[in-house]
Amino acid sequence: MKINKYLKIIILIITLISQKLSLDFLALNPKLVDNYYSDTLYPLISSSLRFIFGFIPFSVGDIIWMILIFIILYEFYFIIKKRFKPGFSHLVNVLIFINILFFSFYALWGLNYYKSPLKDKLNLSFIDYTTDELIKTTTDKIYKVNYLYDCLIQEGTFESTQLNDMYLKAKETYDVTSVQYSMFEYKNPCIKDSMFSTLMSYMGFTGYLNPITLEAQINTKPYKVGIPFTINHEIAHQIGYASEAEANFVSYIVCVKGGDDLFKYSAYYSFLKHCLSEIYKRDKELFYSTRASLNKGVLQQMKSQYEFWNKYENKAEVVFKKGYNGYLKLNKQANGIKSYSMFVNLVIEYENKNGFLEL
């Protein structure tokens, strides 16, 4: 009997290792992922799951996470309580669960980390930009942010627009943009308020994609101006752009090309913050002189955002961020959390090639 128990554990560990080795192989062969998964099987999986869960008004994925966390804690409790002696059945259950979760994650969505980069499809080189290029694009975005801010204030849009309006509008932005870029086509929208918005705020996250149900979960607490960009970022994940830099880039392009003034503002505003951060790293005096051109109302919004996140700052957030940073690095994102800001490279290269996007 003991031999059978040990054998089960060995088989399950070998299965898990085999799955990881398969991923390492696919990492070296992105065209295989493109041809047999990302461009063929995944669109069917994604569209089907969004169709199934899109009609349900609450987040099924959040409920699933609560159940899974309870099961994991329950199994580990018995393993530790019995000091691993009669806990073989529980250890086997945990290993089975890990194998199933590992396979489900990559089969339903995670393999998109291993496909060919978006820059190749758009013929972008993703080279490092110069400080002059950074200042040039930042100056352009400051002008647009200032202009759009004045328009939105006059229209009263910041106060009047509700989350459900943003969810509906997000689908329209993808419909418009997919006319030019068919790879951004988005059917069967499935965007929902997260049940864990307060917890997400403490973790420092504005949204996430549930990789099992493929529901886009939005943290409803942050300052409204960034939410349209977040929504389209999560939709980008839904349609197969796993890289955070690519999801940011797709959101930016779709918001600006297909969005109304609020979506355009959200994209330019979010992008501008990344640009200013990069300028600050290179030249602090240049940062302050550049930022001085911003409308006082925009600066106040940035201050309000900072105060919001400062309110939720806690020591556990550092642990969550380090864990997520490690997760990203394990999935071909060498820069970890820093990869979010790498979309500045993509936008600058894109606009160098195609010209600044119009208001």
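Tabulated values for the structure
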| read-out | value |
| --- | --- |
| Segment MET195-ILE9, length gained on full extension (0.36 nm per residue, minus Cα span) | 63.4 nm |
| Amide proton proximity set for GLU215, modelled H, under 5 Å, gap of 5+ | ASN210 |
| Chymotrypsin sites (Phe, Trp or Tyr not before Pro) within region 312-353: DSSP coil, no more than 13 neighbouring Cβ in 10 Å | none |
| Selected from LEU49, LEU328, LEU168 as most flexible by GNM, with the chain as the system and alpha-carbon contacts under 10 Å | LEU168 |
| Global geometry of region 2-114, whether rounded, prolate or oblate, following the gyration tensor of its Cα atoms and the 1.5 cut on a/c | oblate |
| Within region 2-114: Cβ-based charge dipole about Cα centre, in debye rounded to nearest 20 (Lys, Arg +1; Asp, Glu -1) | 780 debye |
| Long-range amide H partners of GLY207 with built H, under 5 Å | ASN219 |
| Gain in span if fully extended, ASP165 to PHE102, counting 0.36 nm per residue against the direct Cα distance | 19.1 nm |
| For Cα extents along the principal axes in Å, calculated from these coordinates, the label among (i) 65, 53, 39; (ii) 61, 49, 47; (iii) 74, 44, 43 | (iii) |
| Pair LYS329, LYS303: separation of 7 Å Cα→Cβ label points (nm) | 3.8 nm |
| Longest segment of the chain lacking GluC sites (Glu not before Pro) that sit in a DSSP loop with at most 14 other Cβ atoms within 10 Å | 1-184 |
| Mean separation of Cα contacts under 8 Å, 6 or more apart, over the residue count of region 89-214: relative contact order % | 33 percent |
| Label point distance in nm, LYS321-TYR223, each placed 7 Å from Cα along Cα→Cβ | 1.8 nm |
| Too-long pairs where the Cα-Cα distance tops 32 Å, listed order kept, from LYS119/LYS311; LYS115/LYS187; LYS169/LYS273; LYS119/LYS296; LYS20/LYS281; LYS20/LYS322 | LYS119/LYS311; LYS119/LYS296; LYS20/LYS281 |
| Spacing of the two label points (7 Å from each Cα toward its C-beta) at ILE63 and MET183, in nm | 3.6 nm |
| Table column - 3J(HN,Hα) (Hz), region 246-256, Karplus curve with 6.51, -1.76, 1.60, x for Gly and Pro | 5, 5, 5, 5, 4, 4, 4, 4, 5, 4, 6 |
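The numbers here are math on the coordinates, done by the rules we state, and not lab data. Being a predicted model, the structure only gives us computed values, none of them experimental. We place every Cβ from the backbone using ideal geometry, glycine too, and count neighbours over all the protein chains shown.
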